[in-house]
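Peer 1: Structure below; questions to follow.
Just so it is clear, none of the values below were taken in a lab; they were calculated from the coordinates. Not measured: the values here are computed from a predicted model. Neighbour counts run over all protein chains shown; Cβ positions are idealised from the backbone, glycine included.
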Amino acid sequence: MADDLDKLEAGLHELEPIPTHDQASRNDEAPTKEPKRTNVLGLSQHSAIWYLARIQKYSTYAFSAFAAMHVTTTSIVPLVTQSVPTSEPYLLLTREYYQSPAAEPLMVIIPMYAHVFSGLAIRVLRRNHNAKRYGDAYSKENKASFLTKFWPRVSTISKLGFQFIPLLMGHMFINRGIPRMTQGGSSNVNLSYVSHAFAKHPAISFFGFTALLGVGCFHITWGWAKWLGWTPEQVTSTGAQRELQKNRRWYIINGLAAAFTGLWMAGSFGVVARGGEAPGWVGIQYDELYQMIPILGKWM
Ligand code: HEM
């Protein structure tokens, strides 16, 4: 697994080993000293990028567990019960695992920041390596061009990740931030809070959730494909087989991502979105919460 990640980080393909001559013994030179691979504690030494890549990868395990619970309670359970009120207790049940004071930072907040910032840090370190390799790292010109030159390519997965940030932040702000600021918690917020928004503001709700689910599900599916070494770029075969395998992988991963998005949308749009407006004071409270959304709140 660790070896795979090293190769993956470097974007390398596996090649047949080519024998090399032992330069030192041929030239009667003293053999070069073996590089030191362990520290005083006997632990292996790795580069900062090595550690950051692992933080970027393993932080997604916690978030994936949260996503699995969330898709279950906001889509699969409503699909099975075909009723918003019957599905509510299941949402409350799993909240304990991701919304309690101890669980929320461990399950959602810290992994999310760790994942995004480790990715950005890797990008800066790689950029600086490139500047050293291909330019004069300490020149005035290099410093001046920090924002424009030597940056690693932004993969499609990363592009989806960057688009996911504002969508997820917006979703968290509406469902956790606003209720917390105004009511000290989101115990009043449940599936019927979402049904209410769809009933009163269908266009913006469909648009927002379509973007959130589409971008999120494709990022997560392609992300997992990368961790498992299954993306088209990670095909190791050569020759005619290579293009065929790359195409096949591209279709399979996109198919899985579309199925994941479709599953989440089926319960959310098919059942939760059709739950209708919340009656009485609950509905008034929901309206007040939605009106606190910056800019859009004016029209809600
Ligand atoms: C839950 C499972 C997730 C998985 C499996 C996952 C997987 C990945 C992978 C594999 C990359 C590296 C892409 C590459 O190097 O080409 C990546 C990058 C990224 N992810 Fe995620 N991710 C997940 C969740 C999230 C979440 C919740 C967010 C945002 C809030 C996010 C935002 C990002 C961003 C911004 C990048 C780009 C970092 C960079 O390239 O500098 N990801 N993700």
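Peer 1: Considering every residue within region 263-282, establish whether at least one is in contact with a helix residue (DSSP H, G or I) (Cβ under 9 Å, 6 or more places away or on another chain) and within 16 Å of the ligand (Cβ to nearest atom).
Peer 2: Yes, some residue in region 263-282 is in contact with a helix residue (DSSP H, G or I) (Cβ under 9 Å, 6 or more places away or on another chain) and within 16 Å of the ligand (Cβ to nearest atom).
Peer 1: Can you pull out the residues in region 105-136 that are surrounded by 15 or more Cβ atoms within 10 Å (Cβ to Cβ), more than 23 Å from His171 (Cα to Cα) and polar (S, T, N, Q)?
Peer 2: Scanning region 105-136 gives a single hit, Asn130.
Peer 1: Here's another thing I want to ask about it. Do any residues in region 93-117 that are touching a residue at least 60 places away in the same chain (Cβ under 8 Å) and closer than 14 Å to Tyr61 by Cα have Cβ atoms under 6 Å from those of residues that are surrounded by 16 or more Cβ atoms within 10 Å (Cβ to Cβ) and polar (S, T, N, Q), where the two are at least six apart or on different chains, and which pairs are they?
Peer 2: Cβ pairs passing all conditions: His115/Gln56; His115/Ser59; His115/Thr60.
Residue-by-condition table, conditions (1) within 25 Å of the chain's Cα centre (by Cα); (2) surrounded by fewer than 14 Cβ atoms within 10 Å (Cβ to Cβ):
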position	(1), (2)
Pro85	no, yes
Ser100	yes, yes
Ala103	yes, no
Asn142	no, no
Ile157	yes, no
Leu168	yes, no
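Peer 1: Which helices (runs of 4 or more DSSP H) does region 78-150 wholly contain that include 2 or more residues that are within 14 Å of the ligand (Cβ to nearest atom)?
Peer 2: 110-134
Peer 1: Please count how many residues of region 225-259 are within 17 Å of the chain's Cα centre (by Cα) and in a helix (DSSP H, G or I).
Peer 2: 8
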